[in-house]
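Scroll down for the structure; my scribbles are underneath it.
The values are calculated or read from the model by the stated rules, or taken from the named source; none is laboratory data. Predicted, not measured: the structure shown is a model, and the values here were computed from it. So basically every Cβ, Gly included, is an ideal-geometry build from the backbone, and we count neighbours across all protein chains shown.
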Amino acid sequence: MEIVNVFDRYNVYIGSGILGNINGIINLDNFSKVIVITDENIPANYLKQFEKITVPPGEKSKNIETVKLIWEKMLELGCDRKSLIINLGGGVIGDMGGFAASCYMRGVKFLQVSTTLLSSVDASVGGKVGIDFNGVKNLIGTFNQPIGVVIDIDTFNSLSDREFISGFAEIIKHGIIADTEYFKNVTSKKPGEFSKEELIEIIKRSCEIKAQIISDDEKEAGNRKLLNFGHTVGHAIEGISLETDDPLLHGEAVSIGMVAEAKISKELGLIDGVTAEKIKESLMFVGLPVSYSVEDFEKFSSLIGKDKKTESGKIRWTLVKGFGEAAINQEVPEDVIKKSLAYISQ
Ligand SMILES: NC(=O)c1ccc[n+]([C@@H]2O[C@H](COP(=O)([O-])OP(=O)(O)OC[C@H]3O[C@@H](n4cnc5c(N)ncnc54)[C@H](O)[C@@H]3O)[C@@H](O)[C@H]2O)c1
Ligand SMILES: [Zn+2]
């Protein structure tokens, strides 16, 4: 088992077959009650020793109505301030369950048990919890740290290839913004070709990069914004696609977002054309989508304007300056944004 420490406050435990021994990893004795929040797609035999609240799966459930159901159920099950909530699932369950726990009785402790690759390398670490609201991703939420994160890679066995590959978008992002060698390593093979040991190492490195970046910026005043690369365009097209019959997965939207934002970085002279192409080719190689046709620019514009990355009415972009380096708080003229959308529409 590998361990990564976050904020000197809690650990991320990464291993194979470790979920069956959760009591050996996290001391659960001091809680009045342990309740698991999960979704219908997560195999029912995980953590079956605990009472469960099971909600419908997917981004479409990540809203206040589902949180209300969770709170009602918590009350019904007798959850008090000394209870522990275990969020067993992907980023949706982690974000929403963490948010529900943060507000219930002014906050009960929670543990993240991540069952998707995407949430393991990103969502489960760092304490951002929340829900979508009125079509805007993650609009309502708080910063609240879990007591720990448990990642058992064996739980990924029931993930579809599409879900698994989606996680590589955030992994590749970590390489692009912080570690060239890591970028080369994680794009050297197809996602399915990494061994279990290699996968554990990859998750560990991504958690380390994220933990390092957020270590002095828990509430995103500065450096934490580095992690937003690909997410300004990404969140907007994710929001648009959620209203269609063919919604993008978060990682897929981020992949397309990174292609658009690499193009913007190139147009603004931060990187050369070869680097922008390399980013796009690598994402294609691992099997991620790199194109999306934005038909309604007004709608897109309004979505990027409502994103939390906006300050004083100005959108602050995180762009790349080359492999292993990114720049926060960049402004981008509208014609350059339009060029990047034309680029990803091909
Ligand atoms: N808090 C953060 O810092 C942060 C960072 C990145 C992403 N996120 C959020 O994370 C979410 C995306 O996370 P995700 O990709 O894990 O989505 P998800 O939680 O919706 O999981 C993806 C799908 O896989 C299913 N699933 C999960 N684990 C499974 C398993 N072991 N076997 C079979 N099916 C399983 C889920 O039911 C769902 O249908 C987004 O809402 C995004 O905003 C948050
Ligand atoms: Zn993301």
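Observations, loosely collected:
- Condition check for VAL294: among the β-branched types (Val, Ile, Thr) and more than 15 Å from ligand 2 (Cβ to nearest atom): yes
- Taken together, the residues in region 98-128 that are within 10 Å of ligand 1 (Cβ to nearest atom), modelled with pLDDT of 95 or more and not aliphatic (A, V, I, L, M) amount to 8.
- Selection count where residues are of a type outside the set (Ser, Thr, Tyr) and more than 10 Å from ligand 1 (Cβ to nearest atom), scope region 243-262: 12
- Extreme residue, farthest from ASP154 (Cα to Cα), among residues of region 178-191 that are within 20 Å of the chain's Cα centre (by Cα) and not aliphatic (A, V, I, L, M): ASP179
- Positions within region 158-178 being away from ligand 2 (no atom under 14 Å from the Cβ) and touching a helix residue (DSSP H, G or I) at 6+ places or on another chain (Cβ under 6 Å), in sequence order: PHE164, ILE165, GLY175, ALA178
- Residue within region 157-166 that is touching a residue at least 24 places away in the same chain (Cβ under 8 Å), buried (at least 21 other Cβ atoms within 10 Å of the Cβ), under 17 Å from VAL254 (Cα atoms) and over 14 Å from the mean Cα position of the chain (by Cα) present: no
- Taking the listed residues ILE131, ILE172, ILE177, ILE140, the one that is more than 11 Å from ligand 1 (Cβ to nearest atom), under 24 Å from HIS235 (Cβ atoms) and either assigned by TED's automatic domain parsing to the domain that holds ILE18 or without any contact (Cβ under 8 Å) to a residue 40 or more places away in the chain (or both) is ILE140, with no other qualifying.
- Residue tally, condition in a loop (DSSP other than H, G, I, E, B) and either at negative phi or within 12 Å of ligand 2 (Cβ to nearest atom) (or both), over region 229-282: 13
- Once region 13-40 is narrowed to residues that are in contact (Cβ under 8 Å) with a residue 24 or more places away in the chain, within 11 Å of ligand 1 (Cβ to nearest atom) and not hydrophobic (A, V, I, L, M, F, W, C), the residue that is surrounded by the fewest Cβ atoms within 10 Å (Cβ to Cβ) is ASP39.
- Selected residue (criterion: farthest from ligand 2 (Cβ to nearest atom)) from residues of region 80-90 that are farther than 19 Å from ARG9 by Cβ and crowded, with 24+ Cβ neighbours inside 10 Å: LEU88
- Verdict on LYS338 being outside the structural domain of THR116 (by TED's automatic domain parsing) and out of contact with any strand residue (DSSP E or B) (no Cβ under 7 Å at 6 or more places or on another chain): yes
- Failed criterion for GLU163 (all others in (1) assigned to a loop (DSSP other than H, G, I, E, B); (2) more than 23 Å from ARG224 (Cβ to Cβ) hold): (1)
Results for (1) within 16 Å of ligand 2 (Cβ to nearest atom); (2) hydrophobic (A, V, I, L, M, F, W, C), shown as yes or no for each residue.
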position: PRO57; (1), (2): no, no
position: LYS62; (1), (2): yes, no
position: VAL108; (1), (2): no, yes
position: ASN138; (1), (2): yes, no
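- For region 97-122, a residue qualifies if it is buried (at least 24 other Cβ atoms within 10 Å of the Cβ) and either touching a His at 6+ places or on another chain (Cβ under 9 Å) or among the polar types (S, T, N, Q) (or both), and the qualifying residues are GLN112, SER114, THR115, THR116, LEU118, SER119, SER120, VAL121, ASP122.
The rows are residues; the columns are (1) closer than 22 Å to SER166 by Cβ; (2) at pLDDT below 95.
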{"position": "GLY257", "(1), (2)": "yes, no"}
{"position": "GLY269", "(1), (2)": "no, no"}
{"position": "ILE279", "(1), (2)": "yes, no"}
{"position": "LEU288", "(1), (2)": "yes, no"}
{"position": "ASP296", "(1), (2)": "no, yes"}
{"position": "ILE304", "(1), (2)": "yes, yes"}
{"position": "LYS308", "(1), (2)": "yes, yes"}
{"position": "ALA326", "(1), (2)": "yes, yes"}
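- For region 68-84, the criterion of being hydroxyl-bearing (Ser, Thr, Tyr), under 14 Å from the mean Cα position of the chain (by Cα) and under 21 Å from GLY20 (Cα atoms) is satisfied by no residue at all.
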